[in-house]
1. Just to confirm my filter: which helices (runs of 4 or more DSSP H) fall fully inside region 129-221 and include at least 2 residues that are surrounded by 19 or more Cβ atoms within 10 Å (Cβ to Cβ)?
2. Just wondering, is there one or more residues in region 85-92 that are open to solvent by 40 Å² or more (accessible area, probe 1.4 Å), hydrophobic (A, V, I, L, M, F, W, C) and within 26 Å of Gly165 (Cα to Cα)?
3. Checking the condition within 17 Å of the chain's Cα centre (by Cα), at pLDDT 90 or above and open to solvent by 30 Å² or more (accessible area, probe 1.4 Å), which residue from Leu30, Leu95 passes?
4. So which residues in region 35-84 are open to solvent by 90 Å² or more (accessible area, probe 1.4 Å) and among the hydroxyl-bearing types (Ser, Thr, Tyr)?
5. What helices (runs of 4 or more DSSP H), lying completely within region 1-78, carry at least 2 residues that are in contact (Cβ under 8 Å) with a residue 40 or more places away in the chain and either touching an Asp or Glu at 6+ places or on another chain (Cβ under 9 Å) or under 19 Å from Ile192 (Cα atoms) (or both)?
6. Mind telling me which of the residues Gly108, Gly161, Gly124, Gly168 ends up being touching a residue at least 24 places away in the same chain (Cβ under 8 Å) and either farther than 23 Å from Leu202 by Cα or of a type in the set (S, T, N, Q) (or both)?
7. Can you confirm whether Gly108 is of a type outside the set (Phe, Trp, Tyr) and more than 18 Å from the chain's Cα centre (by Cα)?
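The values are calculated or read from the model by the stated rules, or taken from the named source; none is laboratory data. Model, not experiment: these values are computed from the prediction. Note that each Cβ is placed from the backbone with ideal geometry, even for glycine, and that neighbours are counted across all protein chains shown. Just the protein is used for accessible areas: all its heavy atoms, side chains included, with ligands, DNA and RNA removed. Shrake-Rupley method; radii C 1.70, N 1.55, O 1.52, S 1.80 Å.
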Amino acid sequence: MRDGEPLIRWEWIGDHVGELADYTGIHLRLGLLPVLFGLIISVPLGMLCHRWRWIYPPTLTAANVLYSIPSLALFMIFVRYTGLTERTVMIPLTLYTLSVLIPNVVDGLASVPEPVRQAATAMGFSTVRRVVQVELPIAVPVVVAGVRVAAVSSISLVAVGQLIGQGGLGYYITRGLQLDFPTPIITATVLIMLLALVTDALLVLAQRLLTPWARGKGATA
């Protein structure tokens, strides 16, 4: 950046709106698909951990160990098997979500009052039907709280994937650093923050839609 040059060149942003929109879509896909995959893995795992508590400590330890591995190191490991592709970014990000989602699924199921379980059983609900129709809906607020953390974290970490050429908006961060040009860095950073905020707000809205009884309870209080 040369002396006297403005920090943000708005004309550059105007000239790259279409390109920025494309990279934003890529960034969103790379950030949110791992959360979806993590949820698909975590819900049944969390149910097993809740049913057989002895499974929970080793499962959580394994998830935390994976989370402790630096993202760049995991990317480099998977490059050998999946190449410089989106999968190389999404697989590690999926693994990272497990350390958040599994505990929240377990805690959500544990928050279901025992009388509710007994009432469902007395009404003739099978174990699977009781979990799907009674316990999981009640656990939604706790599970969604974990999804919110996982989603924001995943959207932020996507940018690191640009080091292997798959980082969505991270492209503009590395490009701006290479050119000593702050406009794309600031623009990409702001867009990533907005993606995280909008995603979090939409998840809060989804939780409210999925738990109408909680809204009524709050209004009564």
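1. Result: 136-157, 170-179, 182-210.
2. Yes.
3. Leu95
4. If the condition is that a residue be open to solvent by 90 Å² or more (accessible area, probe 1.4 Å) and among the hydroxyl-bearing types (Ser, Thr, Tyr), then Tyr67, Tyr81 are the ones that fit.
5. 10-15, 17-51
6. Gly161
7. Considered against the rule, which asks whether it is of a type outside the set (Phe, Trp, Tyr) and more than 18 Å from the chain's Cα centre (by Cα), Gly108 comes out as no.
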